[in-house]
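The values are calculated or read from the model by the stated rules, or taken from the named source; none is laboratory data. Predicted, not measured: the structure shown is a model, and the values here were computed from it. Virtual Cβ from ideal backbone geometry, glycine too; neighbours counted across all protein chains shown.
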Amino acid sequence: MNFDFSEDQKLLQQTARNFLAEHSPLSVCREVLESDQPYSQALFKAAAEMGFQGTVIPEEYGGAGFGYLELAVVAEELGRALAPIPFASSTYLATEAILLAGSDEQKSQYLPGLASGEAIGTFALVEKPGQNGTEGVETKLSGGKLTGTKLPVLDGDVADFAVIAAQSDSGLSLAIVDLDQAGVTRTSVGSFDPSRSMARIEFKGAAASVLGKEGDGAALADRVLDRAAVLVAFEQLGGAERAFEITKDFMNGRYAFGRPISSFQALKHRLADLWCEIQLTRSNCYYGAWALSNDTPELGIAACISRIAACKAYDLAGVEMIQLHGGVGYTWEYDCHMFYRRAKLLSVMLGSPASWKDKLVTRLREQKAA
Amino acid sequence: MDFKDTPEEAAFRAEARAWLEANAELADPNDPGDDVLGERTDPATIAAAKAWQKKKADGGWACITWPEEYGGRGATSIQNVIWGQEESKFKTPPNIFGIGIGMCGPTVLTHGDDRQKKQWIPKLLSGEELWCQLFSEPSAGSDLAGLRTTAVKDGDDWVVNGQKIWTTGAQFCDWGILVVRTDATAAKHAGLSYFVVDMHSPGVEVRPITQINHGQGFNEVFFSDVRIPDANRLSEVGNGWAVAITTLMNERASIGGGGTGDVIGDLIELAENVDHGGRPAIEDASVRERIADFYTRSRGVQYTGYRTLTALSKGTTPGPESSLGKLVGAALAQEMAAFGIELGGVAGATHGDISTPGASAFHDMYLAIPGLRIAGGTDEVLRNIISERVLGLPPESRADKGIAFKDIPTGPAS
Ligand SMILES: Cc1cc2nc3c(=O)[nH]c(=O)nc-3n(C[C@H](O)[C@H](O)[C@H](O)COP(=O)(O)OP(=O)(O)OC[C@H]3O[C@@H](n4cnc5c(N)ncnc54)[C@H](O)[C@@H]3O)c2cc1C
């Protein structure tokens, strides 16, 4: 039994942590949050120079050719740092979609830019409130032209291209569309977490190329989401753990009634419970990472439990962070709300926790029937 | 990251497996298996459990981490886990030796002298003699060091008076580990001493206590002028607390890494077969959400166990962080049992009736779990342990520090 990262992977994690301590202190997230800039270009560029975006991209396309365990530790660190960059859209979603289903030509066209950070990709399924995945997609793909609207698209305002789901003659399909062309209109939409931006994208006859087998879109999108769910879960884990640490430190230093508030049993027990949630999440994430890196059939269930646990732990960490800080926790000036916001954004961005719970039960029943 | 054995572990597993195949029958994986709290009081079960333990001892597979000179094989902790994993795949009698082998034996091995080890360990290991833990008292549970049973020196003996309670298995045990107060004028933790008591001694009276589920797993044990030879004392007079800590640490080390996966399977099965408004309950979104939460949580506990095993495999001893397993696992099991009952709707309350298939099993579970949330450290005590020993938060402020035990305030009931 070796249910842990290797020494090399831990070293990579430490390198990422040191790098982010320097290039992504929480003030960098705050800067994006408080300004009009959609993301930190400097950080995205510096991360690319570290090779983060290209972690799993094969060397022939300019990546590092590492595995998913390496990408998982990087994700955890990006999550800890609240890195305000379009990393998830570009790396866990767009890159994964192309790696999974792209033709040689598509791979050569997109992967080098994704690896070097010169290009940003995103992934667009939903079109209106209430949707969580590929259900109810109305955007049409016909004769290589796209018509329809995607809303909201995370990082849709800054991405160079998007992998989108659309109805074609053969059914739901995935397609790649360059966003800098006539026939594409993008409008920024407000974000609950303004350190991460999103947009509405309208397509009126924009040129697009099918990704993967036409008609295979729903299954393919599910596979991309499963892979991204594990990686985003590591970001959530990192964020939750950081929120926990900041809260614990604050409580040790804050005195009330002549003693540190961390000495009150009601609060000690809440920290203990939060710690348990984070441990359970870490364990489920490790299982997800194992399934992802070995591309095993267990990935379907592993992705669900990584994501369900991570959404719960990070949400709880954000909620407790504000509450246990008291009044200052509710101020714009303190960082608590940045975690609270990021946690909520991540908990819906790949589909709500409820939608993943539904998916999990379907998969458990399939497994039982098999 | 993988679940594979190292080559040495694989070789050990094969060896264990070979012995088991030659000596036991493979179990049906769908067999519900042991009950939760080891309330096995019927003589036939005890005899069968003892016979299996003896067989293991004769084959060199009992208490494998113990030193060879006392009948063990000096195995590592991870080998012990591997052995446990393999043994659990075979049809074996319920394990009634958890307290003796898991807690009493290791304490004797740590604090006993050579003569004591030779006297007690071989028969403990072979299952010929059963052991119990005489720690808790009516006024000392979570606050164990508040115990009041006394021992007074008389010649080469100690004379014990007082009462223990919640002693699991006392009614069929031969020996007990006993913490008593030998000096009430010393500070609370300093006045304790630790003995091994012969449960057949004159003056020991065991009265079973009926649990909420009708089981009689635990007992009251009364001591009236019970004489214990000084030779049965472990460690020095007044050092009983340190010895007790060894016992409690070993309680924690008995980790399994097992989950509650089968309960989820039962819940899904039940939800598929129960009708909710014209369709199977499993199609109901609220039912699905609960089942998904249960599954995620129980896998979390299971994989946390794997992380602990990984640490063991690398030679690290599990620390206070392994309190998580019981804290999360027991409450989760209780919630799952409650949900299993609720799935049946109004009929969920019928017991032993076929109107809700499988619901009775959830009744039994729902009645067993509260004990698990109290025994071996209550949920609240485990949260104290995690917050203080894992997270390093300040200890509880206490009203009993630095005063003689006899001067510590007590409630009206004690
Ligand atoms: C099924 C079962 C088997 C058992 N087997 C044995 C055995 O074999 N040998 C043995 O010696 N004992 C045994 N016990 C006893 C068990 O260890 C005690 O019941 C347990 O430690 C709690 O002590 P108590 O019952 O005195 O409750 P108390 O300690 O009085 O607790 C009452 C409540 O107060 C809470 N509480 C107490 N102190 C604190 C604190 N500091 N902070 C927050 N909350 C606190 C508790 O969590 C609990 O909710 C067994 C118990 C059970 C239920």
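Brief remarks on what is shown
- Residue count, region B:200-233 (criterion: over 28 Å from B:Pro370 (Cα atoms) and either within 14 Å of another protein chain (Cβ to nearest Cβ) or within 16 Å of the ligand (Cβ to nearest atom) (or both)): 2
- Selection status of A:Val348, of a type in the set (Val, Ile, Thr) and more than 14 Å from chain B (Cβ to nearest Cβ): yes
- One residue from B:Leu267, B:Leu327 being in contact with a Phe, Trp or Tyr (Cβ under 9 Å, 6 or more places away or on another chain) and either more than 25 Å from B:Met1 (Cα to Cα) or modelled with pLDDT of 90 or more (or both): B:Leu267
- Single match in B:Val301, B:Val346 (criterion: part of a helix (DSSP H, G or I), of a type outside the set (Lys, Arg), surrounded by fewer than 16 Cβ atoms within 10 Å (Cβ to Cβ) and more than 16 Å from the ligand (Cβ to nearest atom)): B:Val346
- Boolean, B:Ala361 is within 16 Å of the ligand (Cβ to nearest atom), among the small types (Gly, Ala, Ser), out of contact with any Cys (no Cβ under 7 Å at 6 or more places or on another chain) and not assigned by TED's automatic domain parsing to the domain that holds B:Asn219: no
- Strands (runs of 3 or more DSSP E) wholly inside region A:157-233 that include at least 3 residues being outside the structural domain of A:Val74 (by TED's automatic domain parsing) and of a type in the set (Ser, Thr, Tyr): A:184-189
- For region A:1-69, no helices (runs of 4 or more DSSP H) sit wholly inside it while including 2 or more residues that are closer than 23 Å to A:Ile98 by Cβ, touching a strand residue (DSSP E or B) at 6+ places or on another chain (Cβ under 7 Å) and among the polar types (S, T, N, Q).
- Remark: pairs (first residue in region B:14-26, under 12 Å from B:Trp61 (Cα atoms); second residue not in a helix (DSSP H, G or I); Cβ separation under 7 Å; 6+ apart in sequence or on different chains) = B:Trp19/B:Trp61; B:Leu20/B:Phe90.
- For region B:364-385, a residue qualifies if it is away from the ligand (no atom under 12 Å from the Cβ) and either closer than 12 Å to B:Lys326 by Cα or not aliphatic (A, V, I, L, M) (or both), and the qualifying residues are B:Asp364, B:Tyr366.
- Selection count where residues are aliphatic (A, V, I, L, M), in a helix (DSSP H, G or I) and buried (at least 18 other Cβ atoms within 10 Å of the Cβ), scope region A:346-370: 5
- Residue count for region B:355-393 under the criterion of being among the small types (Gly, Ala, Ser), farther than 16 Å from B:Phe339 by Cβ and either surrounded by fewer than 20 Cβ atoms within 10 Å (Cβ to Cβ) or more than 9 Å from every other protein chain (Cβ to nearest Cβ) (or both): the result is 6.
- Boolean, B:Glu396 is within 9 Å of the ligand (Cβ to nearest atom), over 30 Å from B:Gly217 (Cα atoms) and surrounded by fewer than 20 Cβ atoms within 10 Å (Cβ to Cβ): yes
- Residues in region B:375-401 that are touching a residue at least 12 places away in the same chain (Cβ under 8 Å), part of a helix (DSSP H, G or I) and not hydrophobic (A, V, I, L, M, F, W, C): B:Asp379, B:Glu380, B:Arg383, B:Asn384, B:Arg389.
- Within region B:182-191, the presence of a residue that is of a type outside the set (S, T, N, Q) and within 13 Å of the ligand (Cβ to nearest atom) is excluded.
- Qualifying residue in region B:155-163 (condition: touching a Pro at 6+ places or on another chain (Cβ under 7 Å), within 16 Å of the ligand (Cβ to nearest atom) and under 24 Å from B:Asp407 (Cβ atoms)): yes
- Candidate set: region A:289-337, residues that are without any contact (Cβ under 8 Å) to a residue 60 or more places away in the chain and at the interface with chain B (Cβ under 10 Å from one of its Cβ atoms); chosen: the one farthest from A:Ala72 (Cα to Cα): A:Lys312
- Residue check for A:Asn284: polar (S, T, N, Q) and buried (at least 21 other Cβ atoms within 10 Å of the Cβ): yes
- Contact map, region A:119-144: residues that are within 15 Å of A:Arg200 (Cβ to Cβ) paired with residues that are loosely packed, with under 14 Cβ neighbours inside 10 Å and among the acidic types (Asp, Glu), Cβ distance under 8 Å, separation 6+ or inter-chain. Pairs shown: A:Glu127/A:Glu138.
- A count restricted to region B:123-154 and to residues that are within 10 Å of the ligand (Cβ to nearest atom) and among the aliphatic types (A, V, I, L, M) stands at 4.
- B:Lys326 passes every criterion in (1) within 13 Å of another protein chain (Cβ to nearest Cβ); (2) in a loop (DSSP other than H, G, I, E, B) apart from (2).
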